[in-house]
1. To the nearest 10 degrees, how steeply does helix B:222-231 sit against the main Cα axis of chain B, on a 0 to 90 scale?
2. Over the protein assembly as shown, give the accessible area per residue in Å² for a 1.4 Å probe, as an integer.
3. For the charge dipole of the protein assembly as shown, defined by +1 on Lys and Arg C-beta atoms and -1 on Asp and Glu C-beta atoms about the Cα centroid, which residue among B:Val96, A:Gly251, A:Ser64 has the Cα displaced farthest towards the positive pole?
4. Given the rule -39500 (n - 2.57) for each run of at least 4 DSSP H residues, summed and divided by the residues of chain B, what is its mean residue ellipticity at 222 nm, to the nearest 500 deg cm²/dmol?
5. Let me know the charge dipole size of the stretch B:96-250 about its Cα centre in debye, to the nearest 20, where only the beta-carbon of Lys, Arg (+1) and Asp, Glu (-1) is charged.
6. Where both residues lie in chain A, what percent of DSSP beta bridges are antiparallel, nearest 5?
7. Please figure out what share of the DSSP beta bridges in the protein assembly as shown is antiparallel and state it in percent, rounded to the nearest 5.
8. For a label point 7 angstrom out from the Cα of B:Arg29 toward its Cβ, which stretches of the stretch B:102-142 have the backbone nitrogen within less than 17 Å?
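The values are calculated or read from the model by the stated rules, or taken from the named source; none is laboratory data. Treat the numbers as computed from the prediction; the structure is a model and nothing was measured. We place every Cβ from the backbone using ideal geometry, glycine too, and count neighbours over all the protein chains shown. Calculation scope for accessible area: heavy atoms of the full protein, side chains included, ligands and nucleic acids excluded. Shrake-Rupley method; radii C 1.70, N 1.55, O 1.52, S 1.80 Å.
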Amino acid sequence: MGKREFINGNNAVAYGVKLARAEIVAAYPITPQTKIVEQISEFISNGEMNAEFIKVESEHTAMSACYAASCTGARTFTATSSQGLLYMFEMMQFTSGQRRPVVMANVNRAISPPWTIWLDHQDSISTRDAGWIQIYVESAQEALDTTIQCFKVAENKEVLTPVMICLDAFVLSHTEELVDIPEQAEIDRFLPPFEPDYKVDVNRPLTIAAGTAPNLYMEFRFTQQQGMLKAINLWKKADEEFGRLVGRSYGGVVENYKCSDADVILVTMGSLSSTAKDVVDSLREQGTRAGLAKLRLYRPFPEKEIFDALKSAKAIGVVDRSLSFGFEGSVFSDVKAALYNNNCCIPGVNFIVGLGGRDVTADDLKKMYDKLQYIQKNGKAEQTVEFIGLRWSE
Amino acid sequence: MIKLQDITEEELLYGSLACAGCGGIIALRMALKVLGKNTVLVLPAGCLMATCGFFPQMAVNVPLVSTAFPSTPSTVSGLVAGLKVKGKEDITVLGVAGDGGTADIGLQALSGSVERGENFVYICYDNEAYMNTGGQRSSETPYGAWTTTTPVGRNKMWEDKPKKDLLRILAAHNIPYAARTSISHPREYMDSVRKAKETKGPAVIHVLAPCPSGWGTDTSKTVELARLAVETGIWEMAEYENGKYKVTKIIKNRKPVKEYIKAQGRYRHLPDEEIEKMQKQVDEYWKAMS
Ligand SMILES: Cc1ncc(C[n+]2csc(CCOP(=O)(O)OP(=O)(O)O)c2C)c(N)n1
Ligand code: SF4
Ligand SMILES: [Mg+2]
């Protein structure tokens with residue numbers, strides 16, 4: 001057993017990075033992420049962590065430097081939020097397209113304008129198709145443990161894909177909780193050193209990120225897709241192994257909270273899941289068979305696992321903290337696609353919540369479950385996309 | 001001084017798709033001859049990546065890390081740090097980018113890498129436009145030149161700004177070593193590369209590298225033209241070292257600017273009074289420098 005400390009989600013990620021023995025960190029400050037890299041700087045300055053910190057002049061440079069450092073075979077980390085993530089977008093694709101297992105923490109913050117620093121998921125969801133694995137966490141403890149799992153899965157030779165760990169602004173990044181910090185030896189047993197087969201080597205000159213003609217490009221994309229898809233099972237295995245060695249695991253890629261016999265199920269990502277679990281418990285006390293599917297892994301999308309969690313429900317609701325303008329929340333679209341692919345059609349509704357940091361209360365969640373019970377009775381939703389907590393009615 | 005018998009032949013192989021008479025490929029070839037095999041090269045979008053970095057015609061025989069258009073200096077930064085933690089600080093990290101990739105879209109990143117004092121060699125091959133995308137103007141396109149975004153129709157829209165002064169921008173960073181040189185002077189150029197390699201910290205070389213396709217010149221005239229740019233005083237050979245700006249080639253009897261201008265299709269439209277104006281500017285510059 002390691003030690004227990006009162007720390008926030010940002011500190012927890014920094015501890016994860018230290019325990020993972022990251023060798024290169026290149027990052028640029030942005031609220032609410034900054035504390036992660038400040039904490040890492042302190043670890044390096046105290047001699048607790050042996051890494052090079054590149055104090056870059058922008059996020060575009062941060063991600064370029066991470067891409068290049070990873071090409072030398074160094075274990076590499078960065079962190080950002082919102083505008084910073086958007087500024088990295090071009091280089092995120094170099095990292096993923098070149099199969100460099102960089103790990104990045106994105107503290108989810110809404111996008112401006114209107115200027116804001118508060119929570120929603122629009123930033124990471126906007127980069128959904130950049131070829132990065134995305135995982136969302138619920139607590140500071142999960143943030144620490146998952147940061148370490150990120151390196152394990154990213155560096156697996158069958159995956160070789162960068163991973164973004166997403167944690168909610170303020171609710172997680174700035175809220176302190178009691179966190180178990182594992183022993184270095186426990187983590188060393190879980191996470192071996194990073195040894196890529198293809199790296200910068202003057203004795204074996206390779207062209208990295210070469211150009212291709214149309215006769216080869218698709219094959220690169222196809223193998224990238226294969227690597228991503230393998231990450232689903234490998235993440236489940238990594239979570240189990242972490243559980244065996246460190247004593248904590250998180251239900252793999254979808255946490256099934258009382259779904260097995262549930263009539264009404266909500267799907268959530270991130271910190272909201274905690275409130276939703278409480279609501280499920282109190283509804284169950286009143287006799288309502290409610291459940292919660294907490295989606296940890298968002299890309300690759302765990303189609304089968306989400307179907308398994310939802311298949312026996314009579315009505316489902318998907319809670320999105322972002323919006324694909326002109327349609328609906330992206331998680332809702334994906335969940336529906338997963339059900340369709342499994343020949344399953346359950347009536348459902350999409351709840352758009354908490355944009356730009358608007359609070360989502362237990363009461364709001366309770367109303368969502370009420371709505372699902374109503375749909376259960378009527379067999380279909382009246383309105384498939386609903387904004388929750390809007391100041392005026394739609 | 002570099003001795004010709006000491007330099008290698010292996011680092012840039014046959015198979016590059018560069019146009020005949022490409023000044024950029026000459027700059028890359030000469031640099032790799034000096035730096036040798038213990039080098040990692042970074043190339044962004046631009047003519048050299050397009051002509052040396054596409055499968056199966058990958059012509060570079062040192063590790064090549066290709067990167068996005070704005071990212072040469074930042075990719076260099078990541079390699080320098082990565083090689084350091086891997087205990088391979090003896091390897092030279094070389095970034096080579098065009099004038100667009102350096103003076104325009106990559107300037108912020110270059111400023112960052114130079115300011116942080118990282119140990120690398122960077123070469124900007126200047127063909128005075130975005131050649132890989134068909135020859136649009138850059139901030140290094142000289143006054144009076146035709147490009148595809150400064151076309152010369154009835155409105156005489158030729159380039160109306162002088163070149164951005166990259167060497168003085170670098171000098172303002174108090175960079176340990178920077179040079180402005182030309183492929184027409186291989187000994188001087190290669191010696192700059194050697195000095196850059198020996199410099200502890202950032203070293204940047206700005207090298208004139210004519211592009212026959214974009215300049216409207218004969219493929220056999222590339223080196224001659226670059227030489228003429230120096231001999232007319234249009235292209236000043238200079239260095240910034242130990243905090244001092246130094247002209248490295250004083251031309252005693254400068255040739256008329258007109259000779260250089262008239263040799264190129266991209267200036268075909270220029271009326272004589274414009275060429276006289278350019279001559280006056282060159283004369284004034286050198287007077288101020290003496
Ligand atoms: C972000 C971005 N914007 C634009 C481009 C398109 N582009 C590719 S190369 C290039 C011009 C390169 O000019 P320069 O750096 O001078 O090199 P040259 O082609 O002249 O060798 C442009 C505009 C790109 N690849 N990436
Ligand atoms: S267009 Fe110009 S710079 Fe590009 S390869 Fe041809 S000659 Fe070289
Ligand atoms: Mg150019």
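1. Orientation of helix B:222-231: about 70 degrees from the principal axis.
2. Per-residue accessible area for the protein assembly as shown comes out at 41 Å².
3. B:Val96
4. The per-residue figure over chain B is -10000 deg cm²/dmol.
5. Using Cβ point charges on Lys, Arg, Asp and Glu, the stretch B:96-250 gives about 140 debye.
6. Percentage antiparallel, nearest 5: 25.
7. If I count the DSSP bridges inside the protein assembly as shown, around 25 percent turn out antiparallel.
8. Of the residues in the stretch B:102-142, B:125-126 have backbone N under 17 Å from the label point off B:Arg29.
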